[in-house]
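Enquirer: Pasting a structure below so you can have a look.
Please treat every number below as a calculation from the coordinates, not as lab data. All of these numbers come straight from a predicted model, not from anything done at the bench. We place every Cβ from the backbone using ideal geometry, glycine too, and count neighbours over all the protein chains shown.
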Amino acid sequence: MAIANPPDESPGLKPEPSDLRHSVRRRPNASSIPDSSSKANGNSSFNGDESSVGTSSDCEDSVGIGNRNGGTHADDAGKKVTGGEDHKREPDVSVRFAYTPAVPAHRRVKESPLSSDAIFKQSHAGLFNLCIVVLVAVNSRLIIENLMKYGLLIGSGFWFSSRSLRDWPLLMCCLTLPFLFLAAFMVEKLVQHKLFSEAVSGLLHLVITTSAIVYPVVVILRCNSAVLSGITLMLFACIVWLKLVSYAHTNYDLRSLAKAAEMGDASLGTLNVGLSYNISFKSLAYFMVAPTLCYQLTYPRTTSIRKGWATRQLIKLVIFTGFMGFIIEQYMNPIVKNSQHPLKGNFLYAIERVLKLSVPTLYVWLCMFYCFFHLWLNILAEVLRFGDREFYKDWWNAKTIEEYWRMWNMPVHKWMVRHVYFPCLRNGIPKGVAIFIAFFVSAVFHELCIGVPCRNFKLWAFIGIMFQIPLVIVTNYLQTRFRNSMVGNMIFWLFFCILGQPMCVLLYYHDLMN
């Protein structure tokens with residue numbers, strides 16, 4: 001290792017010539033000839049600070065460092081010592097003095113990498129890889145064991161069945177729902193030309209948005225449709241409803257801002273919003289298919305479409321969707337069919353069924369999240385050159401339930417903040433009540449998406465979402481009480497994924513069968 005020159009000593013602290021006899025003599029090559037500044041300071045010598053010698057972490061590299069400075073490989077130096085005529089030659093000076101026993105090996109206070117103060121400052125990529133290897137090994141054994149016992153349970157009926165082919169009324173309903181956007185556009189055009197008052201336009205938008213929910217509910221309940229088809233239609237209907245509300249609410253706000261600007265309101269100069277009020281069908285058409293629920297006149301756009309990247313994501317989408325179907329048919333269905341109603345049987349038996357169902361349910365839920373929020377929304381954004389790809393944040397690190405709901409579904413979160421939470425605060429509603437209203441709206445739509453297709457109105461999904469409110473209070477208290485802890489994160493994984501979802505699956509299945 002190249003030994004750095006010591007800092008300039010102050011007058012009276014210069015080393016004596018007797019001290020210089022212990023200095024390191026460099027080999028006379030071009031890379032180690034001292035410059036004029038080093039001549040002024042004297043020969044390089046070992047000091048106690050880190051500026052003069054290699055740190056303790058450099059001990060492993062001392063040989064390699066000597067190679068760089070001495071210009072001779074370490075194994076070549078060994079040959080000079082042990083072989084033939086070269087044994088009389090002096091070994092590499094840089095190797096001899098780079099890390100001597102006199103150099104301190106311990107220089108500063110350090111924590112162990114797995115200690116509580118340093119564990120979240122380290123990279124855990126190796127442990128993450130270990131977890132993946134263990135999961136693959138364990139689950140591969142379980143898959144092989146399951147196939148040996150029961151064979152391949154998945155059949156063609158999972159993808160296509162005669163009952164699914166009879167769901168054409170649901171398909172027609174899905175194809176006609178976008179016409180509600182055209183109705184909302186006509187209302188906004190008439191309001192723009194001042195043919196409708198604000199009260200009339202609000203009433204018409206209420207009728208349009210209500211139709212977006214009532215129409216699919218009636219079609220599902222009147223038709224003997226498959227559960228999966230009904231869930232798909234209700235999810236699409238809820239997306240249409242959320243987009244229609246955002247379209248009407250945003251245009252109303254733009255009209256209000258434009259009127260205030262015409263009246264010379266000086267406070268609008270500090271707002272970072274565009275006050276241009278323009279009803280354009282082009283902007284509405286883009287909003288209808290864009291991966292967002294919040295309407296605005298323009299969106300950040302990318303410059304080009306990466307066709308190869310989008311194709312790879314589409315292939316991943318097909319693979320993970322097939323894997324999700326395999327888990328449902330091969331593992332979840334047999335467990336659910338061989339279970340009892342969790343609220344009407346033996347308590348320990350119900351806990352055993354829930355825990356056994358928790359692992360495949362968790363895998364399906366994670367695959368669903370990855371397929372929809374990462375793959376599908378990114379594919380859609382890439383095709384439309386939609387720039388804002390923050391469809392989720394690192395919700396898996398959430399320390400409270402409130403953090404999780406803010407990070408796991410960013411399109412819905414932004415919609416809730418924009419059209420529910422802050423409007424409540426602006427109207428004088430307390431913060432706690434505004435949060436309750438946001439959870440209430442979310443619970444209603446969860447119940448619509450699950451209860452209506454299952455034709456089961458016992459409100460299990462609604463109760464499950466509203467139960468998040470006391471969990472928010474508990475995890476927020478724990479986070480305040482035990483700072484920098486992951487207690488809230490563990491509670492989230494336990495109640496939401498290990499207990500909550502399997503319990504909902506069992507409840508809806510047995511109520512549907514009965």
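Enquirer: Non-local amide H neighbours of Phe386 (under 5 Å, H modeled in plane, Pro and chain starts lacking H): which ones?
Expert: Result for Phe386 returns Thr302.
Enquirer: What FRET efficiency do you get for Glu145 and Leu380 if R0 is 41 Å and r is their Cβ-Cβ distance, rounded to the nearest 0.05?
Expert: E between Glu145 and Leu380, to the nearest 0.05, is 0.60.
Enquirer: First measure r as the distance between the Cβ atoms of Leu182 and Ala105, then evaluate 1/(1 + (r/R0)^6) with R0 = 51 Å and state the FRET efficiency to the nearest 0.05.
Expert: Between Leu182 and Ala105 the formula returns 0.10.
Enquirer: Expressed in nm to one decimal, what extension gain is obtained for the pair Lys431 and Ile315 from 0.36 nm per residue of sequence separation less their Cα-Cα distance?
Expert: 37.3 nm is the gain from fully extending Lys431 to Ile315.
Enquirer: With a cut-off of 16 Å, note down the residues of region 419-455 whose backbone N falls inside the zone around a label point 7 Å from the Cα of Ala260 toward its beta carbon.
Expert: From region 419-455, the list is 419, 422-428.
Enquirer: Each residue of region 366-372 in order: what ³J(HN,Hα) in whole Hz does its phi give by Karplus 6.51 cos²θ - 1.76 cosθ + 1.60, θ = phi - 60°, with x for Gly and Pro?
Expert: Residue by residue, region 366-372 yields 5, 5, 4, 4, 5, 5, 7 Hz.
Enquirer: Hey, which of these cross-link pairs are over 20 Å Cα-Cα: Lys149/Lys344; Lys243/Lys431; Lys356/Lys399; Lys189/Lys259?
Expert: Lys149/Lys344; Lys243/Lys431; Lys356/Lys399
Enquirer: Let me ask something else about it. Could you tell me the center-to-center distance, by alpha carbons, between region 209-249 and region 477-511 in angstrom?
Expert: Here the answer is 29 Å between Cα centres.
Enquirer: Give a residue-ordered list of calculated ³J(HN,Hα) values for region 406-414 (Karplus: 6.51 cos²θ - 1.76 cosθ + 1.60, θ = phi - 60°; whole Hz; x for Gly, Pro).
Expert: In residue order, the calculated couplings are 7, 10, 7, 9, 5, x, 6, 4, 5 Hz.
Enquirer: Subtract the Cα-Cα distance of Ala118 and Arg483 from 0.36 nm times their separation in residues, and report this length gain in nm to one decimal.
Expert: 129.9 nm
Enquirer: Oh, and also: Calculate one ³J(HN,Hα) per residue across region 489-504 by plugging θ = phi - 60° into the Karplus curve 6.51 cos²θ - 1.76 cosθ + 1.60, and present them in order as whole Hz with x for glycine and proline.
Expert: 5, 5, 5, 4, 4, 5, 7, 7, 9, 7, 10, x, 5, x, 4, 5
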